[in-house]
Amino acid sequence: MDAALLAELVAFSGIETEFNDAWGNRTTVSGDAQLALLAAQGFNIADADAARAELTERQLDFWQQILAPVSVQLLGESLTFELQVPLALANSRFDFTLQTEQGASYQFSAEPVDGVLVQVAVIDDEEYQQYQHSLDYPLAAGYHQLTLTCSETGFSFEQRLIISPGTCYQPEQFSQQKQWGVSVQLYGLRSARNWGVGDFSDLSTLVAYLAAHGADFVGLNPIHALYPAMPESASPYSPSSRRWLNIIYIDVSAMPGYQQCSNTQRMVNAPAFAASVGAQRSRDWVDYSGVLQLKLPVMHSLYQWFMQHCGSEAALVSEFNEFKREGGASLLQLAQYDALHAYLVKQDSKNWGWPNWPEEYRDPQSDAVQQFVTEHQPQVDFYCYLQFIAQRQLNAVQQQAKTAGMLLGLYRDLAVGVSDASTEIWGNDDLYCRDASVGAPPDPLGPAGQNWGLPPMQPYQLFSQAYQPMIDLFRSNMQDAGALRIDHVMALLRLWWVPKTAANAGGGAYVYYPIMDLLGILALESQRQQAVIIGEDLGTVPDGIRDLLSDYGMYSYRVFFFETAADGGYISPAHYPVQAMATLSTHDLPTLIGFWHCEDLKLGQQLGLYNDEQQLQGLFQQRHANKQQILDSLHGHGMLPADYPRSVDSLGMDRTLNYAMQRHLASGSSQLLCLQLEDWLEMEQPVNVPGTSDEYPNWRRKLSRELERWTSEPHIQQLLAELTAARAG
């Protein structure tokens, strides 16, 4: 393939050929990586003529849409629309209807040449011209529709016209006081009443306790829908659907009919069942399969009770029917997937997901799938019901949090993608590139790069679908939440695509996304749902992007361990940006004790994560220096008693040092502060070890003590009082 054609293909596909790496070095993407990504996007790289023909076809697909499927513009700026026509239609008259979201309707006509010529393209020997026209109608922020018709040709085009407020939601109270909260892995909550995994009732208990002690929010791990038929696929960052909820978090004992259903009561009161619940409760690591083996039969029993009592539960039935109506095709697709998945896994455990199912079930619109749905309608409806119950219980916790005086209440987390076996890809295969996966180039956290195994969305397909998948995603994850953290927020600009043919994660490249459009939609949904947006802007961040995100009202994500100055010392939290959330650690990093005692390095050595002994020793030496710099900073800010040791040599992490670090961050300037429950409980083991799958039990570690115990401990209550005072200061 000649260089000119390669450059044209790469530019059309949004592939970045050069970037600044995490160390600030200019890096060039290899020609092999470029070709591999073009192949992943469907180009025949072995045949230049075929690749050129495919490029021409895709260009024509764009230019032959006289009105683009979607346009995102800013409120208060001059509104426009573009017409792109073959030269023969440049003088044609087009009729338009503008239907606003508020119900107003406007009609007008225009000829392309009456506008401003913006662009000319010659494709397959035909000239196309793009003209820009003013749109002189008052439009509020929202989703409007522009329809074009042509009496000469009889064709029509529709455009979703999205008007964005241009900035995300920020509560008025932010100007009066700084807020704090805590992050928790919901599954890891221990209590004397749950069935072996933290649930929404445990979350309710936690919210009540924290609200009473001055907290403004509780941050959750992603609670996206996973795989009930394959419970051990437990990573919250590799979900089946990001629009729906993980049913394992349902408190079964709070479901309608639990006390009244005699069959349910017989099941849960059986000695063997009670013993199994007790065994699950006492485990230090979540046994997802064991928990669902307890929960699902009882859930089935309660669904049957609900169906048998529809006459006396009219309000609940009406609420459920409305939930299904609003959930529409997306909810039904998830329920169909879960029911079919359970059916196929029971037949053969190798049916781990739709790419491995019998051919007739790989398309949700196939006759085989529709026949299954018809024959197993109660089972499909059962999974709809579980989503209904999960949403109901989550909503109750958020309402409780707000009533108790929390400014934000629940703070949710949006994962960067879905797994290859997901219901989202099953139902919208064209949107995703399944021959590549999302990851990260080499950086200090992952020297060999990272491959997360998540197929990326195709930017042009997203545009062609008028951004509906992103609208649904943002809206559903802001539901029942006062704030939303967007994992790897750089995905709005670009994603590191790793072709499946690459030898390692470093053999990829960045692919660009329409960031201004996506930010506009995010701002609109944020304002409508009144949800604060926090962007996890770690890793390799291009120049100027943090400023752009800030301009859109998004809050930066500042991790204490990464906030270092040029001399290696730690930046004072007083100098952190105000428009930010500050945190000491994250789910991908060690706990404070784990960091201080180098437990993460020791564990990494055991798991074979380091290339050689020299590299490991360098990390130990760096850690020793980091610890000394932290200790110096804490003493310099008066966070430790004057007689506390000033050398880290032989100094272990104790409660004084642990809590001093938390108070130190709390005294900083950032609007939001998020701490971790495990650091209050002085735990060592990490939640997740990046770069591992089966080597470590990721996403399973429980907290060390039950809610009922640690919430009554005076030293934790004292810490919370100090945090509240520091935030008010």
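Rounded to a whole number, what is D in µm²/s for the range 323-464 from Stokes-Einstein with the Kirkwood radius over alpha-carbon pairs (37 °C, 0.692 mPa s)?
On the way: Rh = 17.8 Å.
Rounded to a whole number, D works out at 185 µm²/s.
On the protein heavy atoms, probe 1.4 angstrom, tell me the percent of accessible surface of the range 156-257 carried by carbon and sulfur. Don't skip to the end; give the middle numbers.
Working: 1180 of 2610 Å².
Accessible surface attributable to carbon and sulfur in the range 156-257 totals 45 percent.
Give me the extension gain from residue 317 to residue 152: residue separation times 0.36 nm, minus the current Cα-Cα distance, reported in nm with one decimal. Display every interim value, and only then the final one.
Details: separation 165, 0.36 × 165 = 59.40 nm, distance 5.14 nm.
Difference between extended and current length: 54.3 nm.
Using alpha-carbon pairs under 8 Å, 6+ residues apart, how would you state the relative contact order of the chain in percent?
On the way: 1310 pairs, mean separation 116.5, N = 729.
Once divided by the residue count of the chain, the mean separation gives 16 percent.
Given the Cα-Cα distance of residue 605 and residue 403 and 0.36 nm per residue of separation, how much length would full extension add, in nm?
Values: separation 202, 0.36 × 202 = 72.72 nm, distance 4.78 nm.
Working it through step by step, the gained length comes to 67.9 nm.
In the range 429-582, carbon and sulfur make up what percent of the accessible area (probe 1.4 Å)? Numbers along the way, then the final one.
Details: 2590 of 5140 Å².
C and S fraction of accessible area: 50 percent.
Carbon and sulfur together cover what percent of the accessible area of the range 628-715 at a 1.4 Å probe radius?
That fraction is 48 percent.
Taking only the alpha-carbon atoms of the range 75-180, what semi-axes of the equivalent ellipsoid follow from 5 times the gyration tensor eigenvalues under a square root, in whole Å, largest first?
On the way: eigenvalues 265, 60, 24 Å².
Semi-axis lengths for the range 75-180 are 36, 17, 11 Å.
Just the accessible area per residue of the range 430-509, please: how many Å² with a 1.4 Å probe? If you can, show how the numbers build up before the last one.
On the way: 2480 Å² over 80 residues.
With all protein chains present, the range 430-509 gives 31 Å² per residue.
Per Stokes-Einstein, at 10 °C and 1.306 mPa s, what whole-number D in µm² s⁻¹ belongs to the range 120-279, with the Kirkwood radius over Cα pairs as the hydrodynamic radius?
Details: Rh = 22.1 Å.
Rounded, D is 72 µm²/s.
Once you list every other residue whose beta carbon is under 9 Å from the beta carbon of residue 186, what net charge do they have if Lys and Arg are +1 and Asp and Glu are -1? Intermediate results must be reported in sequence, preceding the final value.
Values: positive: none; negative: 199, 202.
Charge balance near residue 186 sits at -2.
Contact order normalised by length for the range 385-455, with contacts defined as Cα pairs under 8 Å and 6 or more residues apart; what percent is it? Intermediate results must be reported in sequence, preceding the final value.
On the way: 52 pairs, mean separation 16.6, N = 71.
Over the range 385-455, the number comes to 23 percent.
What residues qualify as long-range amide H neighbours of residue 244, i.e. H under 5 Å apart, gap of 5 or more or another chain, H built at 1.01 Å from N?
Answer set, sorted by chain and number: 225.
When the Debye formula is applied to the Cα atoms of the range 572-638, each taken as the same point scatterer, what base-10 log of I(q)/I(0) results at q = 0.28 Å⁻¹?
With one equal scatterer per Cα and no solvent, log10 I(q)/I(0) is -1.27.
How large is the helix-only mean residue ellipticity at 222 nm for the chain, computed as the sum of -39500 (n - 2.57) over DSSP H runs with n ≥ 4, divided by its residue count, in deg cm²/dmol to the nearest 500? Intermediate results must be reported in sequence, preceding the final value.
Details: 22 runs with 276 residues, N = 729.
Mean residue ellipticity, 222 nm, calculated: -12000 deg cm²/dmol.
Enumerate the lysines that residue 402 could reach by cross-link, defined here as Cα to Cα under 19 Å, with residues fewer than 8 away along the same chain left out.
Cross-link targets: 178.
Over the range 340-393, with the other protein chains present, what is the accessible area per residue in square angstrom, probe 1.4 angstrom?
Details: 2670 Å² over 54 residues.
In whole numbers, the range 340-393 has 49 Å² accessible per residue.
Explain nothing, just the number: relative contact order of the range 560-636, from Cα pairs under 8 Å at least 6 residues apart, as a whole percent. Present the calculation step by step, with values, prior to reporting the outcome.
Working: 38 pairs, mean separation 24.8, N = 77.
So the answer I get is 32 percent.
Running Debye on the range 200-243 with equal point scatterers at the Cα sites and no solvent, what base-10 log of I(q)/I(0) appears at q = 0.13, 0.26, 0.32 Å⁻¹?
Log-scaled intensity ratios, in q order: -0.42, -0.87, -1.07.
Treat each spin label as a single point 7 Å out from the Cα along the C-beta direction, and report the residue 3 to residue 265 distance in nm.
According to this spin-label approximation, the distance is 8.2 nm.
Tell me which lysines have Cα within less than 26 Å of residue 350's Cα, excluding those fewer than 8 residues away on the same chain?
295, 500
Taking R0 as 35 Å, what's the FRET efficiency between residue 429 and residue 562 from their Cβ-Cβ distance, rounded to 0.05? Don't jump to the answer; show the numbers that get you there.
Details: r = 37 Å, r/R0 = 1.07.
Working from the Cβ atoms, E equals 0.40.
Which of the peptides 57-63, 661-667 is most tightly packed, and how do the rest follow, judged by the mean count of other Cβ atoms within 10 Å per residue? Provide the component values of the computation, followed by the final result.
On the way: 57-63: 15.1, 661-667: 21.9.
Peptide ranking by packing, descending: 661-667, 57-63.
Given that compact globular proteins tend to follow 2.2 N^0.38 Å, what is the ratio of the alpha-carbon Rg of the range 221-268 to that value?
Normalised by 2.2 N^0.38 Å, the Cα Rg of the range 221-268 equals 1.43.
At 0.692 mPa s and 37 °C, plugging the Kirkwood radius over alpha-carbon pairs of the range 227-367 into Stokes-Einstein gives what diffusion coefficient in µm²/s?
After rounding, the answer is 191 µm²/s.
Indicate, rounded to the nearest 5 percent, the antiparallel portion of the DSSP beta bridges found entirely in the chain.
Working: 54 of 87 bridges.
Beta bridges within the chain, antiparallel portion: roughly 60 percent.
Provide the per residue accessible area, probe 1.4 Å, for the range 529-612, rounded to a whole number of square angstrom. Write down the numbers at each step before the final one.
Values: 3280 Å² over 84 residues.
The answer is 39 Å² per residue.
Taking only the C-alpha atoms, wrap a convex hull around the chain and report its volume per residue in Å³ as a whole number. Mind showing how you got there, number by number?
Details: hull volume 136.0 nm³, N = 729.
About 187 Å³ per residue, rounded to a whole number.
The values are calculated or read from the model by the stated rules, or taken from the named source; none is laboratory data. Bear in mind that the values here come from a model prediction, so they are computed numbers and not experimental data. Reconstructed Cβ throughout: ideal geometry from the backbone, glycine too, with neighbour counts over all protein chains shown. Each accessible area value is taken on the protein alone, full model and side chains, heavy atoms only, with ligands, DNA and RNA left out. Shrake-Rupley method; radii C 1.70, N 1.55, O 1.52, S 1.80 Å.
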